[in-house]
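The values are calculated or read from the model by the stated rules, or taken from the named source; none is laboratory data. It should be emphasised that the depicted structure is a prediction, and the values quoted were computed from it without experimental measurement. A quick note on method: Cβ atoms are made from the backbone with ideal geometry, for glycine too, and the neighbour counts reach across all protein chains shown.
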Amino acid sequence: MKKVILSGFFALCAFGMFAQADTKNLPATAKDFIQQNFSSNTVEGVEENSKWQIWADDKYEVKLSNGIELDFDENGNIIEIDSQKDAIPMSALPSAIATYLKENYPDSQVIGWEKEKKSQEVELLDGTELEFDGQGNFRKID
C-alpha cells in the first residue's frame with residue numbers, strides 16, 4: 001500500500017514539474033509579446049514579484065523552455081530579456097536597435113537586452129555590450 005501511495009505522490013509531483021506554467025496573472029501585453037516572439041517555446045515558470053519589493057523593477061519574471069528569461073513591468077511591457085545559450089530573436093528587440101544590429105553586427109547573436117529609464121543595453125554572444133538611448137539610437141560600446 002505504501003508503494004502505491006508513494007508512486008501516486010511522485011507521479012503528481014512529476015506532472016506538476018512538467019506541466020506548463022500558469023500565465024493567467026500575466027497582463028495581455030506580456031502574453032502577446034511572448035506569443036509573437038517566442039511562440040515555439042513553452043512557459044516553464046512565472047513569478048510575480050510582490051508590490052512590497054520596491055527594489056525590484058520587474059513585476060513578472062517568465063522563464064521559457066529554451067532557457068530565455070523575460071522580465072515585464074506591472075503593465076506587461078518587456079524590460080529585460082536574458083539568455084545564456086540561445087540567441088534572442090531580432091523581432092523581440094525594439095525596431096531601431098534591431099535595424100542598427102542588422103547593419104553593423106549582421107553575424108552577431110544577441111543574448112541580452114535591458115531597458116532602463118533613459119537607456120537600453122544589448123549584450124552580444126562575444127561579450128560586446130552596446131548602449132543605446134531610450135529611443136534606440138546608438139550611444140557607445142561598453
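A few points about this structure:
- Here Gly76 meets each of (1) exposed (fewer than 13 other Cβ atoms within 10 Å of the Cβ); (2) among the small types (Gly, Ala, Ser); (3) modelled with pLDDT of 85 or more with one exception, condition (1).
- Within segment 103-130, tally of residues that are in a strand (DSSP E or B) and more than 19 Å from the chain's Cα centre (by Cα): 0
- Among the residues here, Gln84 qualifies as surrounded by fewer than 16 Cβ atoms within 10 Å (Cβ to Cβ), within 12 Å of the chain's Cα centre (by Cα), modelled with pLDDT under 95 and not in a helix (DSSP H, G or I).
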